[in-house]
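Note sheet for the following structure.
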Amino acid sequence: MNESTLIQNVTLVNEGKILVADVLIAEGLIQQIGRIEVEPNHNLIDGTGKHLFPGIIDGQVHFRDPGLTHKGDLYTESKAAIAGGVTSFIDMPNTVPNILTVESLKEKFDIASKKSLANYSFFLGVNGDNIDEVIKMDTSQFIGVSDDGLYFTKKGNLLADNPEIMEKLFANCKSIIAIHSEKEEIVEKNEQAFKEKYGDDIPAKFHPVIRSTEGCYDATKRAIDLAKKHKARLHILHLTTEAETHLFRNDIPLIEKKITTEVSVHHLWFSDEDYERLGMLIKWNPAIKTKKDKEGLLKALLDDKIDLITTDHAPHTLEEKQQTYFQSMSGAPMVQHTLNCMLEFYKQGLISLEKIVEKMCHNPAILYRMTNRGFIRKGYHADLTLVDLNSEWTVAKENLLYKCGWSPLEGTTFQAKIEQTFVNGNLIYNHGTFKEDIFGMPIDFNTKEKQK
Ligand SMILES: NC(=O)N[C@@H](CC(=O)O)C(=O)O
């Protein structure tokens, strides 16, 4: 008799509803939801008083494999992700080498199949060098194309700085085009002005002045105008300003949208008030901006102008971070604590559990056309996250799973705890312990059909 897991009497948060039910898992799939009779082959989990979410799907991470594995790798960071309730992720192309060809993409899939505990997919990188090949490629080979972070190895390759390349891509590429939207020419002008005043010692609090609202807004506006002209499928990554939120629509369902966007959790959590305390540790690109921006982003998320929450998990070593302004790397690790941050907002009455699940589970699956993930439905992959909403704990060095060993959230107390995470029906994370010998799967997605 095959083994099955029966989660009993648990509070499901799914598809805009909250209800108490039992969930039966077998052969990697959700078999049944409702009131279920116990059978001898059932492993029982008592879900009384606990909440069950579909596993979180993180639409933007940098797990650093291959080539930058001193910062993190597909094993360490996927493990941290799972402890944070994340069961699937899409990783960015700014590794070494950059993922600019189908061959390097295949190599990354191969590494993930041997190292990633969570389900995975990857963006194909696009820049000025490979645009001609990208527009000829069969788009069923990748979930989307992106330029995110590629300036780390080659400056000036961001699409936002190259309107002709962007236009060529939008006119010809049928894939989702996910762009990092900042105008480097504005950033460089601001950098120069601050350098003249401070030399290399620019205080971190000026990061949002250098990587300004103007730089973000102008880039996003131009990308949207070009995408509309060519009817391209554009996704703007990690939005940071209240001003940009007004460029997006909420009067059509996500499934019909040609232009979508996301917010990364640190832009909801931190504001310019935190630079004094945390300095370069919260230096991200695009920058953490003002309290008004942070509030505007949350409002736009609740209003459905912003479609997704991602982490943009971007680990660097402490040594790489604690440098003077120009030397300090932008980015920080977040994937282990994203759901926790959002649940804390729930505790503060700022967002509902249903909305969290919509933005972190359902919408990533819909937007990236994933097959049978992102919902608690019969026949879907059993990617599930069990949460205790009333179990306080504090982020500390000892409970971090990131290879880089630090977090900008150290010392933060959360009121909710992720207790168990199932990936493809396997209980990979169980109250602080891991099953480390079962790897995730490549995420299936439809190239034409859309998920409802
Ligand atoms: N977000 C960041 O500040 N850094 C990212 C790159 C990026 O997303 O631009 C990284 O790879 O470190």
Need at least 2 residues that are touching a residue at least 60 places away in the same chain (Cβ under 8 Å) per element, so show me which strands (runs of 3 or more DSSP E) inside segment 18-81 make the cut, counting only ones lying wholly within it. 29-34, 51-54, 56-61
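Out of all the residues in segment 58-65, is one or more of a type in the set (S, T, N, Q) and out of contact with any Ser or Thr (no Cβ under 6 Å at 6 or more places or on another chain)?
Initial filter on segment 58-65 (of a type in the set (S, T, N, Q)): 60.
Imposing the further condition that a residue be out of contact with any Ser or Thr (no Cβ under 6 Å at 6 or more places or on another chain) reduces the set to none.
No, segment 58-65 has no match at all.
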Give the residues of segment 280-293 that are more than 15 Å from the ligand (Cβ to nearest atom) and either at pLDDT below 95 or crowded, with 21+ Cβ neighbours inside 10 Å (or both), sorted by residue number. Asp293
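When the residues of segment 403-421 are narrowed to those that are among the hydroxyl-bearing types (Ser, Thr, Tyr) and assigned to a strand (DSSP E or B), which ends up farthest from the chain's Cα centre (by Cα)?
Filtering segment 403-421 down to residues among the hydroxyl-bearing types (Ser, Thr, Tyr) leaves 407, 412-413, 421.
When the remaining residues are screened for being assigned to a strand (DSSP E or B), the result is 413, 421.
Values: Thr413: 22, Thr421: 17 Å.
Result: Thr413.
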Which residue pairs have Cβ atoms under 7 Å apart, sit 6 or more places apart or on different chains, and have a first residue in segment 97-121 that is assigned by TED's automatic domain parsing to the domain that holds Ala178 and a second that is acidic (Asp, Glu) and not in a loop (DSSP other than H, G, I, E, B)? Tyr120/Asp91
Among the residues in segment 254-272, are any away from the ligand (no atom under 16 Å from the Cβ), under 19 Å from Lys221 (Cβ atoms), of a type outside the set (Val, Ile, Thr) and assigned by TED's automatic domain parsing to the domain that holds Leu350? yes
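Do we find that Phe170 is buried (at least 18 other Cβ atoms within 10 Å of the Cβ), in contact with a Phe, Trp or Tyr (Cβ under 8 Å, 6 or more places away or on another chain) and more than 25 Å from Gln322 (Cα to Cα) in this structure? I'd like the intermediate steps shown before the answer.
Details: buried (at least 18 other Cβ atoms within 10 Å of the Cβ): yes; in contact with a Phe, Trp or Tyr (Cβ under 8 Å, 6 or more places away or on another chain): no; more than 25 Å from Gln322 (Cα to Cα): yes.
The answer is no for Phe170.
Within segment 82-96, take every residue that is assigned to a loop (DSSP other than H, G, I, E, B) and either touching a residue at least 40 places away in the same chain (Cβ under 8 Å) or among the small types (Gly, Ala, Ser) (or both) and give me the one that is nearest to Thr385 (Cα to Cα). Let's see the steps before the verdict.
In the first step, residues of segment 82-96 are kept if they are assigned to a loop (DSSP other than H, G, I, E, B); the result is 84-85, 92-96.
Then keep just the ones that are either touching a residue at least 40 places away in the same chain (Cβ under 8 Å) or among the small types (Gly, Ala, Ser) (or both); that gives 84-85, 92-94, 96.
Numbers: Gly84: 9, Gly85: 5, Met92: 24, Pro93: 27, Asn94: 29, Val96: 32 Å.
The extreme case among them is Gly85.
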Can you say whether Ile224 is under 23 Å from Ile90 (Cβ atoms), surrounded by 23 or more Cβ atoms within 10 Å (Cβ to Cβ), aliphatic (A, V, I, L, M) and touching a strand residue (DSSP E or B) at 6+ places or on another chain (Cβ under 8 Å), as far as the supplied structure shows? no
Looking at (1) within 16 Å of the ligand (Cβ to nearest atom); (2) surrounded by 18 or more Cβ atoms within 10 Å (Cβ to Cβ); (3) under 27 Å from Phe326 (Cβ atoms); (4) of a type outside the set (S, T, N, Q), can you tell me which one Glu188 breaks? (2)
Which residue out of Glu354, Glu449, Glu398 is surrounded by fewer than 19 Cβ atoms within 10 Å (Cβ to Cβ), among the acidic types (Asp, Glu) and modelled with pLDDT under 95? Glu449
Contacts under 6 angstrom Cβ, first residue in segment 325-348 being under 23 Å from Lys205 (Cβ atoms), partner acidic (Asp, Glu), 6 or more apart: Phe326/Asp200; Met329/Glu320
Report, ordered by the first and then the second residue, all pairs with beta carbons closer than 8 Å, sequence separation of six or more or different chains, a first member in segment 277-301 that is outside the structural domain of Pro333 (by TED's automatic domain parsing), and a second member that is within 16 Å of the ligand (Cβ to nearest atom). none
Within segment 91-127, restricting attention to residues that are of a type in the set (Val, Ile, Thr) and within 16 Å of the ligand (Cβ to nearest atom), which residue is surrounded by the fewest Cβ atoms within 10 Å (Cβ to Cβ)? Val96
Pick from segment 252-279 the residues that are assigned to a helix (DSSP H, G or I) and buried (at least 21 other Cβ atoms within 10 Å of the Cβ): which of them is nearest to the chain's Cα centre (by Cα)? Val265
Residue that is nearest to the ligand (Cβ to nearest atom) [pool: residues in segment 135-158 that are among the β-branched types (Val, Ile, Thr) and buried (at least 23 other Cβ atoms within 10 Å of the Cβ)]: Val145
Only one of these is crowded, with 19+ Cβ neighbours inside 10 Å and out of contact with any Phe, Trp or Tyr (no Cβ under 8 Å at 6 or more places or on another chain): Ile30, Ile25, Ile57, Ile7. Name it. Ile7
Got at least one residue in segment 294-315 being under 25 Å from Asn119 (Cα atoms) and away from the ligand (no atom under 16 Å from the Cβ)? yes
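Working carefully through the options Met360, Met370, find the one that is buried (at least 23 other Cβ atoms within 10 Å of the Cβ), touching a residue at least 60 places away in the same chain (Cβ under 8 Å) and in contact with a Leu (Cβ under 8 Å, 6 or more places away or on another chain). Spell out how you get there, then give the answer.
On the way: Met370 fails: in contact with a Leu (Cβ under 8 Å, 6 or more places away or on another chain).
Testing whether each residue is buried (at least 23 other Cβ atoms within 10 Å of the Cβ), touching a residue at least 60 places away in the same chain (Cβ under 8 Å) and in contact with a Leu (Cβ under 8 Å, 6 or more places away or on another chain) leaves just Met360.
For (1) within 16 Å of the ligand (Cβ to nearest atom); (2) in a helix (DSSP H, G or I); (3) in contact with a His (Cβ under 7 Å, 6 or more places away or on another chain); (4) in the same structural domain as Ser175 (by TED's automatic domain parsing), each residue gets a yes or a no:
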site: Glu320; (1), (2), (3), (4): yes, yes, no, yes
site: Met342; (1), (2), (3), (4): no, yes, no, yes
site: Gly349; (1), (2), (3), (4): no, no, no, yes
site: Asn363; (1), (2), (3), (4): no, yes, no, yes
site: Gly374; (1), (2), (3), (4): no, no, yes, no
site: Glu398; (1), (2), (3), (4): no, yes, no, no
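The values are calculated or read from the model by the stated rules, or taken from the named source; none is laboratory data. Being a predicted model, the structure only gives us computed values, none of them experimental. So basically every Cβ, Gly included, is an ideal-geometry build from the backbone, and we count neighbours across all protein chains shown.
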